[in-house]
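*Asks:* What follows is a structure written as structure tokens; I'll ask about it next.
The values are calculated or read from the model by the stated rules, or taken from the named source; none is laboratory data. Source: prediction; values computed, not measured. All Cβ positions, glycine included, derive from the backbone under ideal geometry; neighbour counts span all protein chains shown.
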Amino acid sequence: MAEVIWGLATSHVPSIGAAMDNEKTADEYWKPLFDGIAPARTWMAEHRPDVAVIVYNDHANAVDLDLVPTFAIGTAESYDVADEGWGRRPVPPVVGAPELSEHLIRELMDESFDIATFHQLDVDHGLTVPLSIYCPEPGDAWPCAVVPVLVNVIQYPQPTAARCYALGHALGRAIRSFPPDLKVAVFGTGGMSHQLAGARAGLINTEFDRMFLEAIESDPDKLAALTREDYIREAGTEGIELIMWLVMRGALNKNIARITDTYHVPASNTAAGLALFENLGDEGKGSVAA
């Protein structure tokens with residue numbers, strides 16, 4: 001049976017990818033961020049998954065804003081890298097895991113989650129930047145297959161934090177019910193606090209971010225209880241992306257070990273954070289909710 005071996009919570013700031021693509025990671029501005037990421041990269045390189053389930057949001061690159069699904073999963077054999085207006089990132093296309101994707105859709109539908117299906121999908125920085133944080137030098141191919149899980153955090157009403165956390169519980173159960181012996185990592189991406197437009201453009205709330213980094217391990221129920229308005233007030237209009245970290249956390253066991261974390265301000269007017277967790281034990285058969 002498949003198992004979830006670790007979970008990664010990480011920002012997906014597009015300029016992080018640009019810094020890697022343009023060999024600026026050692027520059028004064030970027031070096032502290034990449035120094036903070038380095039321990040996670042070392043550990044993940046030693047604990048390679050067969051498949052990464054990456055929870056992210058499209059940024060109006062592949063999904064038309066006239067029709068935005070609340071939750072969706074890609075089922076393709078492969079995913080091209082989206083051109084976001086300045087050319088495609090110089091990274092490999094993403095190899096899919098269609099059998100696992102289709103299994104997850106069936107299981108989640110049976111648990112009353114209405115999942116949209118993408119049979120074709122270009123993936124933008126929301127997915128490729130976390131992959132680059134995991135594997136900075138993929139060469140001709142990424143080291144694992146990917147199941148893209150898309151969440152609407154762009155258009156009101158977004159799903160609640162509680163609903164995302166519940167999706168994570170169901171996702172963990174669905175992964176563990178997949179018969180092949182696969183090692184699976186789950187990524188929750190986006191955030192941390194930031195607002196890109198309006199009167200509060202440039203908002204960064206370090207106190208809230210640090211609380212979130214701690215509670216995502218020790219008290220995810222506290223984070224799941226926050227409303228949309230709480231997230232937007234405390235973390236900014238784009239900071240609501242943090243609800244996607246709760247999908248990752250819900251897919252893990254209650255019993256986890258924090259491998260490393262880092263927090264950096266700013267990364268292009270965004271608070272950037274990372275937390276890496278190893279999944280431990282079989283308490284509740286691998287479900288935080290059990």
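*Asks:* Return the residues of region 128-168 that are surrounded by fewer than 17 Cβ atoms within 10 Å (Cβ to Cβ) and among the hydroxyl-bearing types (Ser, Thr, Tyr); say none if nothing qualifies.
*Replies:* Tyr156
*Asks:* Test Glu28 against the criterion of being more than 18 Å from the chain's Cα centre (by Cα) and farther than 18 Å from Glu278 by Cβ, and give yes or no.
*Replies:* In short, yes.
*Asks:* Write out, first by first residue and then by second, each pair whose Cβ atoms fall under 7 Å of each other, whose residues are 6+ apart or on separate chains, and whose first residue, in region 230-259, is in contact (Cβ under 8 Å) with a residue 12 or more places away in the chain while the second is basic (Lys, Arg) and part of a helix (DSSP H, G or I).
*Replies:* Hits for this filter: Ile240/Arg228.
*Asks:* If I filter region 41-78 down to residues being farther than 22 Å from Ile243 by Cβ and hydrophobic (A, V, I, L, M, F, W, C), which single residue comes out as surrounded by the most Cβ atoms within 10 Å (Cβ to Cβ)?
*Replies:* Among those that are farther than 22 Å from Ile243 by Cβ and hydrophobic (A, V, I, L, M, F, W, C), it is Val51.
*Asks:* Among the candidates Gly191, Gly126, single out the residue that is modelled with pLDDT of 95 or more and assigned to a loop (DSSP other than H, G, I, E, B). Break it down into steps so the answer makes sense when it comes.
*Replies:* Details: Gly126 fails: assigned to a loop (DSSP other than H, G, I, E, B).
The match here is Gly191.
*Asks:* Give me a count of the residues in region 6-40 that are closer than 19 Å to Arg258 by Cα and either polar (S, T, N, Q) or surrounded by fewer than 17 Cβ atoms within 10 Å (Cβ to Cβ) (or both).
*Replies:* Final tally of qualifying residues: 5.
*Asks:* Sort out which residues of region 138-178 are touching a helix residue (DSSP H, G or I) at 6+ places or on another chain (Cβ under 9 Å), more than 24 Å from Val68 (Cβ to Cβ) and either among the charged types (D, E, K, R) or part of a loop (DSSP other than H, G, I, E, B) (or both), and write them in order of number.
*Replies:* Answer for region 138-178, where residues must be touching a helix residue (DSSP H, G or I) at 6+ places or on another chain (Cβ under 9 Å), more than 24 Å from Val68 (Cβ to Cβ) and either among the charged types (D, E, K, R) or part of a loop (DSSP other than H, G, I, E, B) (or both): Pro138, Trp142, Pro143, Cys144, Arg173, Arg176, Ser177, Phe178.
*Asks:* I would also like to ask the following. Go through region 175-217 and give me each residue that's touching a strand residue (DSSP E or B) at 6+ places or on another chain (Cβ under 9 Å), under 17 Å from Ala52 (Cα atoms) and not acidic (Asp, Glu).
*Replies:* Within region 175-217, Ile175, Arg176, Phe178, Leu182, Lys183, Val184, Ala185, Val186, Phe187, Gly188, Thr189, Gly190 meet the criteria.
*Asks:* Kindly evaluate Val53 against the criterion of being modelled with pLDDT under 95, within 18 Å of the chain's Cα centre (by Cα), hydrophobic (A, V, I, L, M, F, W, C) and closer than 19 Å to Ile115 by Cα.
*Replies:* Details: modelled with pLDDT under 95: no; within 18 Å of the chain's Cα centre (by Cα): yes; hydrophobic (A, V, I, L, M, F, W, C): yes; closer than 19 Å to Ile115 by Cα: yes.
Answer is no for this residue.
*Asks:* Okay, next question. Count, please, the residues in region 196-216 that happen to be buried (at least 17 other Cβ atoms within 10 Å of the Cβ) and either among the charged types (D, E, K, R) or not in a helix (DSSP H, G or I) (or both). Write out each step before concluding.
*Replies:* At the first step, the residues of region 196-216 found to be buried (at least 17 other Cβ atoms within 10 Å of the Cβ) are 203-205, 208-209, 212-213, 216.
Adding the requirement that they be either among the charged types (D, E, K, R) or not in a helix (DSSP H, G or I) (or both) leaves 203-205, 209.
Residues flagged as buried (at least 17 other Cβ atoms within 10 Å of the Cβ) and either among the charged types (D, E, K, R) or not in a helix (DSSP H, G or I) (or both) within region 196-216 amount to 4.
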